[in-house]
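Undergrad: Dropping the structure in here first, questions after.
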Amino acid sequence: MTEAHDLKLPGPQPPLQIGMVLYPGLTMLDLIGPQNVLAAHAATHLLWKDRSLVPSDSGVSIQPTATFSECPDDLDILFVPGGIGTADAMADQEILRFLRDRGPRSRYVTSVCTGSLVLAAAGLMQGYKATTHWATRHVLEAFGVECVRARVVVDRNRISGGGVTAGIDFGLTLLALLRGEDAAKMTQLMLEYDPAPPFDAGTPEGAGPELTQRILTVLDPLDQKMRKVAAAMSSNVS
């Protein structure tokens, strides 16, 4: 029979190493939502080419904490957010080289919103199921990726979240995988994440065709740019 003094509780786990890629025009909430969920369990590395401020698409800038070359070699989580700067990030060879280097060595390769398009441009999503913002699913499919309509898609060590607010769902899903459901549930409670939106307009189906078309018209210049980048690069993605 085991004596009480023989029982040993597991000690605290080392912090997760998370590399979050920055680029001009990223969407702040794509990054901050998951980071806030994971923060208590992680050491976050905000990564860019240098230490200069990186402007988001809402006008708020983010201070990188490390350059690509300073990033730890082996990450638990490699993460890419989306944003209006996605098309430029998809074509940025320095970003793509970094992702291709760290991706195969990372425990999980992840994204929220159009960040999955950047991963696809780096050749890291082919052969996996993934998701993205509802308005850019066709671009992800242009890379030969099986795009799933879901808030969060888990396919082996690839985890992707849908548009913007799905980042919180994404973060909780990832935290449950890495630290257990209790940790994720406690975090959800701490954040009081109990969404009750004032309108049923968070999807094209809920918003209806008129509002959806108005959004698509606003997004059309970015859509055309992403299509062009995807068409130029997809033939080079293995």
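Undergrad: Going by what's in this entry, would Ala135 be described as surrounded by 15 or more Cβ atoms within 10 Å (Cβ to Cβ), in contact (Cβ under 8 Å) with a residue 60 or more places away in the chain and part of a helix (DSSP H, G or I)?
TA: Details: surrounded by 15 or more Cβ atoms within 10 Å (Cβ to Cβ): yes; in contact (Cβ under 8 Å) with a residue 60 or more places away in the chain: yes; part of a helix (DSSP H, G or I): yes.
Yes.
Undergrad: Suppose we filter Gly144, Gly123, Gly163, Gly127 for residues that are in contact with a His (Cβ under 9 Å, 6 or more places away or on another chain), of a type in the set (Gly, Ala, Ser) and outside any helix (DSSP H, G or I); which single one remains?
TA: Working: Gly144 fails: in contact with a His (Cβ under 9 Å, 6 or more places away or on another chain); Gly123 fails: in contact with a His (Cβ under 9 Å, 6 or more places away or on another chain); Gly127 fails: in contact with a His (Cβ under 9 Å, 6 or more places away or on another chain).
Just a single option satisfies the conditions, and that option is Gly163.
Undergrad: If I go through region 50-87 residue by residue, how many of them are in contact (Cβ under 8 Å) with a residue 24 or more places away in the chain, of a type in the set (A, V, I, L, M) and in contact with a Ser or Thr (Cβ under 8 Å, 6 or more places away or on another chain)?
TA: 7
Undergrad: Next question, about the same structure. In region 196-229, what count of residues is obtained for those that are at pLDDT 95 or above, among the β-branched types (Val, Ile, Thr) and open to solvent by less than 90 Å² (accessible area, probe 1.4 Å)?
TA: 4
Undergrad: So, restricting to strands (runs of 3 or more DSSP E) that lie completely within region 1-117, which ones have at least 2 residues that are open to solvent by 10 Å² or more (accessible area, probe 1.4 Å)? First the steps, then the outcome.
TA: Details: elements: 16-21, 42-48, 77-80, 108-112.
Here the list reads 42-48.
Yes/no per residue for (1) touching a Lys or Arg at 6+ places or on another chain (Cβ under 9 Å); (2) in contact (Cβ under 8 Å) with a residue 12 or more places away in the chain:
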{"residue": "Ser111", "(1), (2)": "yes, yes"}
{"residue": "Ser160", "(1), (2)": "yes, yes"}
{"residue": "Glu192", "(1), (2)": "no, no"}
{"residue": "Asp200", "(1), (2)": "no, no"}
{"residue": "Pro204", "(1), (2)": "no, yes"}
{"residue": "Leu216", "(1), (2)": "no, yes"}
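Undergrad: Where residues in region 166-195 are of a type in the set (D, E, K, R) and assigned to a helix (DSSP H, G or I), which of them is surrounded by the most Cβ atoms within 10 Å (Cβ to Cβ)?
TA: Top of the filtered list is Asp169.
Undergrad: Then there's this: Being in contact with a Cys (Cβ under 6 Å, 6 or more places away or on another chain), open to solvent by 40 Å² or more (accessible area, probe 1.4 Å) and closer than 30 Å to Arg105 by Cα: is that true of Glu146 here?
TA: Values: in contact with a Cys (Cβ under 6 Å, 6 or more places away or on another chain): no; open to solvent by 40 Å² or more (accessible area, probe 1.4 Å): yes; closer than 30 Å to Arg105 by Cα: yes.
No.
Undergrad: Quickly run through region 196-211 and pick out the residues that are assigned to a helix (DSSP H, G or I) and more than 18 Å from Arg151 (Cβ to Cβ). Walk me through how you get there before you give the answer.
TA: Of all residues in region 196-211, those assigned to a helix (DSSP H, G or I) come to 204-207, 209-211.
If the condition is that a residue be assigned to a helix (DSSP H, G or I) and more than 18 Å from Arg151 (Cβ to Cβ), then Pro209, Glu210, Leu211 are the ones that fit.
Undergrad: So which of Asp200, Asp194, Asp182, Asp169 is under 18 Å from Ile77 (Cβ atoms) and among the acidic types (Asp, Glu)?
TA: Answer to the check: Asp169.
Listed here are the residues, each with its yes/no results for (1) under 18 Å from Leu31 (Cα atoms); (2) in contact with a helix residue (DSSP H, G or I) (Cβ under 7 Å, 6 or more places away or on another chain).
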{"residue": "Thr173", "(1), (2)": "yes, no"}
{"residue": "Ala183", "(1), (2)": "no, yes"}
{"residue": "Gln188", "(1), (2)": "yes, yes"}
{"residue": "Glu205", "(1), (2)": "no, no"}
{"residue": "Pro221", "(1), (2)": "no, no"}
{"residue": "Met226", "(1), (2)": "no, yes"}
{"residue": "Val229", "(1), (2)": "no, yes"}
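Undergrad: Here's something else I'd like to know. Could you check Ala232 against (1) part of a helix (DSSP H, G or I); (2) at pLDDT 95 or above and say which number it fails?
TA: (2)
The values are calculated or read from the model by the stated rules, or taken from the named source; none is laboratory data. Treat the numbers as computed from the prediction; the structure is a model and nothing was measured. We place every Cβ from the backbone using ideal geometry, glycine too, and count neighbours over all the protein chains shown. Each accessible area value is taken on the protein alone, full model and side chains, heavy atoms only, with ligands, DNA and RNA left out. Shrake-Rupley method; radii C 1.70, N 1.55, O 1.52, S 1.80 Å.
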